[in-house]
Amino acid sequence: MNQLNPYAKFLDGRPVEAILADSPSALALILTELGPMRSNTAPAPGKWSPAEVICHLADCELVFAFRLRQTLSEEGHVIQPFDQDKWAVHYPDTDAGEALALFIALRNWNLKLIHKALPTSANRTVTHPERGTMTFGTIVETMAGHDINHITQLKKLAGK
């Protein structure tokens, strides 16, 4: 596994910007296919429901937004990790549609920045306390792999 990008194994050869641009519509389609009842049902005890996965993706997009901007604007920035399980305690009863709308808005905003920054800023560095020094490009690749990982999980739950 790539220590800097734990989601590198999910990348499928498509350009990362295309993956990032396609994710919102893929998530919307899956939510529609699942419907409200299945979207709010966890697949097993202790596992997130599809709606909670969407909440997680919205939170991560918020975090990625900050990390991308810090990487571009500050020399020697150290990323602040977060505990996704502690953030997830707020997910139950959160509307998946609202979380998806936030994800889409943030993703569109992030894509504008990514399009402007790549490829000239791809090698700007930032430090992750648990993963080491990484680049702006690695963060973008991590976003894409993270998307694919969760979209694959959600497709399985939808029976695809």
Quiz item: For labels at PHE82 and ALA44 in the simple 7 Å Cα→Cβ model, what's the distance in nm?
Solution: 2.7 nm
Quiz item: Taking N as the number of residues in the stretch 69-123, what is its Cα Rg relative to 2.2 N^0.38 Å?
Solution: 1.49
Quiz prompt | Per principal axis, descending, Cα span of the stretch 76-160 in whole Å | solution = 39, 27, 23
Practice problem: Work the Kirkwood hydrodynamic radius out for the chain: mean of 1/r over every pair of different alpha-carbon atoms, inverted, in Å. | Solution: 16.2 Å
Quiz item: Which distance in nm do the two modelled labels at ALA122 and LEU4 give, with both placed 7 Å along the Cα-to-Cβ direction?
Solution: 1.2 nm
Exercise. Find how much the distance from ARG69 to ASN149 grows on full extension, using 0.36 nm per residue of separation minus their present alpha carbon separation; answer in nm with one decimal.
Key: 26.4 nm
Self-check item: Shape of the stretch 15-91, Cα gyration tensor, a/c cut at 1.5
Solution: oblate
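Readers should treat all values here as calculations from the given coordinates under stated rules, not as data from a laboratory. Bear in mind the structure is a predicted one, so any value in this text is a computation, not a measurement. Cβ atoms come from the backbone with ideal geometry, glycine included; neighbour counts cover every protein chain shown.
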